[in-house]
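Presented below is the structure to which this report refers.
What follows draws every value from the coordinates through simple rules; no lab data is involved. Source: prediction; values computed, not measured. Counting neighbours? That spans all protein chains shown, and the Cβs are built from the backbone with ideal geometry, glycine included.
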Amino acid sequence: MAQTKSKNEETLGKIEIAPEVIGVIAGLAAAEVENVAGMQGSFTNEMRERLGGAVNHSKGVKIDLTEDGIIIDVFCYIQFGATIPLLAQNIQDSIRETILNMTGLEVIEVNIHIVGVQFERQETLSFDELEI
């Protein structure tokens, strides 16, 4: 469990943040970056979401709490045409900044794993939409 510390910790107590919460924050921060097409999830999670189940916001995120700090691995799909080094840097910056702002915790590593590329989908027209 990650802990935040302050000057008044002795009198106020301690705050513990579950790794799952950090995973949700990191997943949402990564998904908001432009040209991120989606996060990698398991087949079961994908089917549950498609059938109207709850969305797992921490999918595609692995959190490792070490003695040195927090290490985050992000597994994502990108849009075709994105510049991978720039996109990876934007994801790393977004995650670090969001976690620091929301929790006060420093992240020592954000590892980006590009697991696929999503191409633009071409829209198909039905005969009803055509003006003949």
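Amide H to amide H under 5 Å from GLN118: which residues, 5+ apart in sequence or cross-chain, H placed 1.01 Å off N in plane?
ILE78, GLN79, PHE80
Count charges around GLU97 for me, please; just the other residues with Cβ under 13 Å from its Cβ, Lys/Arg as +1, Asp/Glu as -1.
-2
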